[in-house]
Amino acid sequence: MEIVVFGAGSLGSLVGGVLAREHDVTLVARPAHAEAVRIGGLTVTGAVDLHVSPSATTDSRGLAADLAIVTVKAADTPTAADALATGSFDAVLSLQNGMGNEETLADRLEPPVLAGTATYGAILQEPGVAECTGQGEVVLGTRTGGRAPLAERIGNAFDAAGLETTVAGDMPRRRWEKLAVNAAINPVTALSNVDNGAVLEPPAADLARSAAWETARVARACDVSLSDREATAAMERVAADTAANTSSMRQDVLAGRRTEIDAINGYVVDRAADHDCAVPTNRTLTALIRSWERGVGHR
Ligand code: KPL
């Protein structure tokens with residue numbers, strides 16, 4: 001299968017690297033990373049160990065493939081969609097954090113857009129080298145739920161490359177579950193500058209659980225069946241599997257980049273307001289990260 005990974009940072013490089021064992025992969029990446037991959041190939045270390053030679057480019061326009069996997073930050077989704085619209089793809093799959101990305105892609109693109117979640121821990125160590133800091137899985141399926149041959153085909157292609165993949169018929173629920181995972185782990189680890197495993201221990205554990213419970217409550221208000229226990233269990237499973245990982249939001253803060261707070265906890269706060277739900281933990285975490293973003297000039 002020909003696959004373009006659009007936004008090959010840490011997660012995109014890990015996923016693209018695994019897929020390149022079996023498929024014809026092109027990474028769309030920042031200049032230094034694209035150049036390093038072109039010259040010396042892509043190395044993945046840690047829980048996944050491989051060296052592959054995918055194509056790599058910084059030119060995101062006019063690409064063609066069977067599948068485009070979108071792994072850009074949530075705020076960059078509109079720009080990614082506009083660039084993808086200049087190319088030709090049979091399907092598009094979002095493996096991004098936060099809510100709203102698939103809708104943005106589907107509004108701007110003709111090919112079918114599938115929903116996906118990824119719970120791997122990943123860090124881009126240097127140009128050309130990504131580290132897998134926690135085994136996770138990819139879950140994918142149709143955006144509104146239900147089964148589709150296209151999703152099965154993509155799931156089989158991922159499996160053939162050794163990427164742990166589940167094709168799910170309940171993506172709306174899975175997306176909220178992943179939202180609870182990110183709402184709990186990402187801002188707590190970013191604000192306290194700790195690895196993901198810290199949310200399993202006091203004093204961070206209470207805060208993380210509270211963020212996950214609130215997210216589950218808002219999911220139910222939006223008619224998505226996600227219990228408090230399911231949300232907490234998913235968050236604790238991912239935190240244990242990626243205990244040594246630096247969450248993507250912590251990576252963003254450490255690098256002085258804008259975070260995905262709006263698409264994660266900010267989304268929970270907005271949907272809570274629609275349904276008159278109280279979400280004090282998500283509101284506080286959102287305000288703290290936004291305040292940091294404002295202080296460094298991102299707002
Ligand atoms: O999605 C992640 C992230 O860091 O954004 C997890 C799965 C929590 C891994 O750190």
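Okay, here's what the table says:
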quantity: Unmet requirement for residue 90, which otherwise passes all of (1) within 16 Å of the ligand (Cβ to nearest atom); (2) open to solvent by 30 Å² or more (accessible area, probe 1.4 Å); calculated: (1)
quantity: Filter result (in a strand (DSSP E or B), among the hydrophobic types (A, V, I, L, M, F, W, C) and buried (at least 18 other Cβ atoms within 10 Å of the Cβ)) within the stretch 27-51; calculated: 27, 28, 42, 44
quantity: Filter pass, residue 218 being within 19 Å of residue 262 (Cβ to Cβ) and assigned by TED's automatic domain parsing to the domain that holds residue 249; calculated: yes
quantity: Subset of the stretch 149-165 [free of Cβ contacts under 8 Å to residues at least 24 places away in the same chain and more than 17 Å from residue 50 (Cβ to Cβ)]; calculated: 149, 152, 153, 155, 156
quantity: Residue selected from the stretch 226-243 under the condition near the ligand (Cβ under 9 Å from one of its atoms) and outside any loop (DSSP other than H, G, I, E, B), by the criterion surrounded by the fewest Cβ atoms within 10 Å (Cβ to Cβ); calculated: 241
quantity: Search result, residues across the stretch 216-240 that are closer than 15 Å to residue 175 by Cβ and in contact with a Phe, Trp or Tyr (Cβ under 7 Å, 6 or more places away or on another chain); calculated: 219, 224, 226, 231
quantity: Out of 197, 134, sole residue that is within 12 Å of the ligand (Cβ to nearest atom) and either over 19 Å from the mean Cα position of the chain (by Cα) or modelled with pLDDT under 95 (or both); calculated: 134
quantity: The stretch 254-264: number of residues that are crowded, with 23+ Cβ neighbours inside 10 Å and part of a helix (DSSP H, G or I); calculated: 1
quantity: Residue count for the stretch 1-43, restricted to those that are among the small types (Gly, Ala, Ser) and touching a helix residue (DSSP H, G or I) at 6+ places or on another chain (Cβ under 6 Å); calculated: 1
quantity: Residue 69 crowded, with 17+ Cβ neighbours inside 10 Å, under 15 Å from residue 1 (Cβ atoms) and within 16 Å of the ligand (Cβ to nearest atom); calculated: yes
quantity: Residue in the stretch 103-119 that is open to solvent by 20 Å² or more (accessible area, probe 1.4 Å), among the hydroxyl-bearing types (Ser, Thr, Tyr), in contact with a strand residue (DSSP E or B) (Cβ under 7 Å, 6 or more places away or on another chain) and within 15 Å of the ligand (Cβ to nearest atom) present; calculated: no
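Results for (1) of a type in the set (Val, Ile, Thr); (2) open to solvent by 20 Å² or more (accessible area, probe 1.4 Å); (3) without any contact (Cβ under 8 Å) to a residue 24 or more places away in the chain, shown as yes or no for each residue.
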{"position": "245", "(1), (2), (3)": "no, no, no"}
{"position": "266", "(1), (2), (3)": "no, no, no"}
{"position": "272", "(1), (2), (3)": "no, no, no"}
{"position": "279", "(1), (2), (3)": "yes, no, no"}
{"position": "287", "(1), (2), (3)": "no, yes, yes"}
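The values are calculated or read from the model by the stated rules, or taken from the named source; none is laboratory data. Not measured: the values here are computed from a predicted model. Backbone-built Cβ (ideal geometry, glycine too); neighbour counts: all protein chains shown. Remember, those area values only see protein heavy atoms, side chains included, never the ligands or the DNA or RNA. Shrake-Rupley method; radii C 1.70, N 1.55, O 1.52, S 1.80 Å.
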